[in-house]
Amino acid sequence: MKVTFVDFDRHGDERGMLVALEEQRNIPFTIRRVYYLFDTKPRVRRGYHAHRQLKQIMIAVSGSVRFHLDDGFETTEVVLDNPYRGLLVESMVWREMSEFSSNCVLMVLADQLYDPTDYIRDYQEFCTLAKRERE
Ligand code: TYD
């Protein structure tokens, strides 16, 4: 399946590095929510859901994490391991995250507020809905 990365400009000088995130500029949506995962315990695999509408950009601002992505037809694996690369995860993509490094801070920008009804947590239901959308 197709994966979209968004590579951010790095503003660096002898003092260090800086990345700026701006909605509708280098983030292709209006940012309505930001959250981050950190202190993830060893061997944890989490996610196990898709969203009906939500779009997100994932950024490993520290450390690294592996993504397993699935659109209901194809799957792919992606590793995020730098703070200047975003991974766009569109709606109707099943995601699982694993192999969090101990220093991983995974920041997520989302185009909607938190809404539990937007989650699909049953994989079979997700596959059924994904197939129906393509018909
Ligand atoms: P959860 O959806 O289980 O995380 P995962 O990405 O691994 O599926 O979220 C963990 C908890 O955090 C759960 O109690 C819901 C809460 N939560 C919020 O309150 N707001 C949010 O924006 C998110 C993403 C989660």
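Before moving on, here are some points about what is shown:
- Within segment 19-50, the set of residues being free of Cβ contacts under 8 Å to residues at least 12 places away in the same chain and away from the ligand (no atom under 15 Å from the Cβ) comprises Glu22, Glu23, Gln24, Arg25.
- Filter pass, Pro28 being over 27 Å from Phe126 (Cα atoms) and not basic (Lys, Arg): no
- Strands (runs of 3 or more DSSP E) contained entirely in segment 1-71, each with at least 2 residues that are loosely packed, with under 14 Cβ neighbours inside 10 Å: 4-7, 11-13, 16-18, 33-38
- Flag for Glu99 being surrounded by fewer than 19 Cβ atoms within 10 Å (Cβ to Cβ) and at positive phi: yes
- Filter result (touching a Phe, Trp or Tyr at 6+ places or on another chain (Cβ under 6 Å) and closer than 22 Å to Leu21 by Cα) within segment 40-62: Lys55
- Taking the listed residues Tyr119, Tyr123, the one that is within 22 Å of Thr30 (Cβ to Cβ) and either surrounded by fewer than 19 Cβ atoms within 10 Å (Cβ to Cβ) or within 12 Å of the ligand (Cβ to nearest atom) (or both) is Tyr119, with no other qualifying.
- Residue match in segment 65-76 (condition: away from the ligand (no atom under 14 Å from the Cβ) and in contact with a Phe, Trp or Tyr (Cβ under 6 Å, 6 or more places away or on another chain)): yes
Each value in this text was obtained by applying a stated rule to the coordinates, not by laboratory testing. All of these numbers come straight from a predicted model, not from anything done at the bench. Cβ coordinates were reconstructed from backbone atoms using ideal geometry, including for glycine residues, and neighbour counts include every protein chain displayed.
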